[in-house]
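Quick note: the coordinates plus some simple rules give every number you see, no bench work behind them. These numbers come from a predicted model, not from an experiment. Positions of Cβ are backbone-derived with ideal geometry, glycine not excepted, and every protein chain shown enters the neighbour counts.
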Amino acid sequence: MSSLLLCYITDRTQFSGDEAARHRRLLDKIAESVEAGVDYIQLRERDLTTRELEALAHKALGIIQKSQLRTENRKLRTKLLINSRTDVALAVSAHGVHLPANDVSSEEVRRISLAAHTPVRLTVTQSCHEPEDVHRAAENGADLAVFAPVFEKQSAPGTKPTGLETLRTACQYKIPVLALGGVTLDNAAACLRAGAAGIAAIRLFQDHDLADTVRRLREL
């Protein structure tokens, strides 16, 4: 299997239907992600209350654990990351936390985790928008940097993309970098050639057949 790292970033608001329907579609997509062997699922439902986010995270973890039981001969691959909320990640025993730009540092997350006597080391990923951000993430002990936006995003056409050369510069530090922002099956290979360790995306996974998308990415 390819060593390419893949991160599905969730956004149930992009699904059609009422809240119940969007909720079901999100859980279905999470199940598809686990079955396809996606490495990370970043739960990024920022509008939910703490209680709602915890409930959703519990369901997502249940899906991951059931998949592990069905495939006893395969090491569990998928890790659940909670966006921004270290407290929720600890409360539900998620695998890690994703830190948006200008959030607390990776070092602070480690201190909080240590104080909570967490038995498993949390995986910490960090949003970065400049190469210097990636350098800082590496220095602060983050496990992964998510660099964005590499290309123009469909959901934000006015956002200025960083481009592949800036991505190449960001990938020079001692931390794996995931390319995010406007990444498609057509341009993903260019991100890898620039030095990215993998791909993070919302629409690339949510809007297409996920198993086929993962297969094609891992064949790059």
Restricting to Cα pairs under 8 Å and 6 or more apart, the percent relative contact order of the chain works out to 19 percent
Neighbours of R215 by Cβ distance under 15 Å: Lys/Arg at +1, Asp/Glu at -1, summed charge -3
Going fewest to most other Cβ atoms within 10 Å around each Cβ, S16, S105, S33, S93 line up as S16, S93, S105, S33
Across the range 5-218, qualifying lysine pairs (alpha carbons under 17 Å, at least 8 places apart or different chains) come out at 6
HN-Hα couplings for the range 185-192 via Karplus (6.51, -1.76, 1.60; θ = phi - 60°), in whole Hz with x for Gly/Pro, come out as 5, 7, 10, 4, 4, 5, 5, 5
Share of Cα-Cα pairs in the range 119-208 beyond 14 Å, whole percent, is 60 percent
Residues whose built amide H sits under 5 Å from the amide H of H95, excluding neighbours closer than 5 in sequence, are L80
Per-residue Cβ contact counts at 10 Å, fewest first, order C128, C171 as C171, C128
Computed ³J(HN,Hα) along the range 38-54: with the Karplus parameters 6.51/-1.76/1.60, θ = phi - 60°, integer Hz and x for glycine or proline, the list is 4, 6, 9, 10, 9, 7, 10, 8, 6, 8, 6, 6, 4, 5, 5, 5, 4
Under 5 Å from the placed amide H of Q42, counting only residues 5+ away or on other chains, we find Y8, I9, T10, L81
With the 8 Å Cα cutoff and a minimum separation of six or more residues, the range 93-218 has a relative contact order in percent of 19 percent
Taking R0 as 25 Å and r as the Cβ-Cβ distance between T49 and E108, the FRET efficiency 1/(1 + (r/R0)^6), rounded to the nearest 0.05, comes to 0.60
Under the helix-only model (-39500 (n - 2.57) for each DSSP H run of 4 or more, divided by the residues of the chain), the mean residue ellipticity at 222 nm, to 500 deg cm²/dmol, is -12000 deg cm²/dmol
In units of 2.2 N^0.38 Å, the Cα radius of gyration of the chain is 0.97
Ordered by number, the GluC sites (Glu not before Pro) in the range 96-175 that occupy a DSSP loop and have at most 15 other Cβ atoms within 10 Å are E152
